[in-house]
């Protein structure tokens, strides 16, 4: 049954699990109409390289290239810490540049925990 038909039928579905070929905005909108969550692997076509100092997941990197550790948020600010300070890596620079705060991000940050 097509996703639009399920939405029209006002089904009680909570999740839609689809393949990467269904990664289209209309599918997300249809699922949102019935208050369901979509589980769709992102299709990497036309994906661009992130800016220098940013991982593919949107995490800023330290001066040695290690991804910083997400350390919470305050209102609209995202906070990241030096991975050496949190014990995730052993860095020859020690804890230089210990914290990093993003005031107005210019990219979509996805935080996976």
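The values are calculated or read from the model by the stated rules, or taken from the named source; none is laboratory data. Given the structure is predicted, the values throughout are model-derived calculations rather than measurements. No Cβ is skipped: glycine too gets one built from the backbone with ideal geometry, and neighbour counts run over all protein chains shown.
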(request) Kindly list, by first and then second residue, each pair from a residue in the stretch 5-20 that is closer than 12 Å to residue 34 by Cβ to a residue that is at pLDDT 75 or above and surrounded by fewer than 11 Cβ atoms within 10 Å (Cβ to Cβ), limited to pairs with Cβ atoms under 7 Å and residues at least 6 apart or on different chains. (result) 15/39; 16/39
(request) Please work out if residue 10 is at pLDDT below 80, loosely packed, with under 13 Cβ neighbours inside 10 Å and not assigned by TED's automatic domain parsing to the domain that holds residue 91. (result) yes
(request) With the checklist (1) in a loop (DSSP other than H, G, I, E, B); (2) closer than 22 Å to residue 94 by Cα in hand, flag the one item residue 79 doesn't pass. (result) (1)
(message) Consider the stretch 87-113. How many of its residues are modelled with pLDDT of 80 or more and either closer than 17 Å to residue 54 by Cβ or surrounded by 13 or more Cβ atoms within 10 Å (Cβ to Cβ) (or both)?
(response) 3
(message) Just the residues that are surrounded by fewer than 14 Cβ atoms within 10 Å (Cβ to Cβ), within 19 Å of the chain's Cα centre (by Cα) and at pLDDT 80 or above, please, taken from the stretch 33-52.
(response) 37, 39, 52
